[in-house]
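Have a look at the structure below before the remarks.
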Amino acid sequence: MISFTGVTKVYPKGVSALTDVTLKIKKGDFVFLVGPSGAGKSTFVRLLLREERPTEGRIVVDGVDTAQLRPVDIPFFRRKIGMVFQDFRLLPERTVAENVAFALRVLEVPRREILRRVPQVLHLVGLSHKSRAKPAELSGGEQQRVAVARALVNNPPILLADEPTGNLDPETSWEIMSLLSEINQRGTTVVVATHAREIVDRMRRRVIALENGRVVRDEEKGAYGCEA
Ligand SMILES: Nc1ncnc2c1ncn2[C@@H]1O[C@H](COP(=O)(O)OP(=O)(O)OP(=O)(O)O)[C@@H](O)[C@H]1O
Ligand SMILES: [Mg+2]
């Protein structure tokens with residue numbers, strides 16, 4: 001589903017954020033991407049989304065070699081990846097249902113289809129009863145559930161999250177990670193960049209650890225590791 005081959009990313013001012021990263025993530029995998037601040041996790045995420053291009057190496061996502069993408073192909077390519085951010089990024093003036101529907105409206109999905117899919121995905125994240133609320137009326141965990149619903153409503157093969165629990169308390173963080181795990185069990189490939197050490201240790205999923213831009217560990221049923 002995702003393959004990085006010899007990927008190096010050097011930012012313009014000369015920081016090497018990733019160095020010679022080679023890894024494969026199979027369809028249906030659940031992967032934690034861990035490592036200290038500055039290790040290159042968000043760079044990995046931005047390369048996957050094709051927000052950045054690698055300095056060297058090859059990235060293939062769901063059969064697409066990202067180097068071959070023309071600018072006009074990029075929005076279509078990004079539909080393969082549902083994205084969840086640390087800060088939720090909801091539209092404050094819109095209701096929960098409208099926030100989720102908006103993701104489909106920009107894709108010009110027919111109205112009838114939108115009316116069918118939005119309640120389904122809100123049900124999946126356990127927020128059917130909040131569909132008319134505005135984001136400010138929700139807890140942080142509920143807002144992140146809306147963001148997960150929005151990421152999933154177009155049924156992408158990959159769900160990608162960068163520090164999805166960074167603004168949440170431990171219990172709510174656990175709920176969000178459990179939701180991502182449930183989504184994975186329904187067949188979506190899930191990649192989560194995180195600092196949530198206790199959750200990573202308890203979930204026993206694949207852990208890819210980065211340090212100074214290099215993969216230093218890649219374990220099935222792994223743990224966060226010893227570094228802070
Ligand atoms: N746009 C940029 N221009 C120049 N350097 C950058 C840019 N973005 C990131 N870097 C550098 O690349 C390295 C990796 O950064 P990255 O954001 O990928 O780390 P991270 O693992 O996500 O860290 P954190 O846990 O703090 O989010 C860091 O040294 C950072 O300063
Ligand atoms: Mg980051």
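The values are calculated or read from the model by the stated rules, or taken from the named source; none is laboratory data. Computed from a predicted structure; not experimentally measured. We place every Cβ from the backbone using ideal geometry, glycine too, and count neighbours over all the protein chains shown.
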Exercise for the section: Among the candidates K9, K27, K80, single out the residue that is modelled with pLDDT of 95 or more and near ligand 1 (Cβ under 9 Å from one of its atoms). Expected result: K9
Handout entry: Selection within the range 3-45 - in contact with a helix residue (DSSP H, G or I) (Cβ under 7 Å, 6 or more places away or on another chain) and under 27 Å from D201 (Cβ atoms)
Key = A17, L18, F30, F32, L33, V34, G35
Practice task
Output the qualifying pairs, or none if there are none: Cβ atoms under 8 angstrom, residues six or more apart or on different chains, first residue in the range 189-207 and touching a residue at least 12 places away in the same chain (Cβ under 8 Å) and away from ligand 1 (no atom under 16 Å from the Cβ), second residue hydrophobic (A, V, I, L, M, F, W, C) and not in a strand (DSSP E or B).
Solution key: T189/M1; V190/L180; V190/I183; D201/A223; M203/M177; R204/A223
Practice task
Considering every residue within the range 174-193, establish whether at least one is at pLDDT 95 or above, within 16 Å of ligand 2 (Cβ to nearest atom), touching a helix residue (DSSP H, G or I) at 6+ places or on another chain (Cβ under 8 Å) and not in a strand (DSSP E or B).
Solution key: no
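Does V64 meet the test of being β-branched (V, I, T) and closer than 26 Å to M177 by Cα?
no
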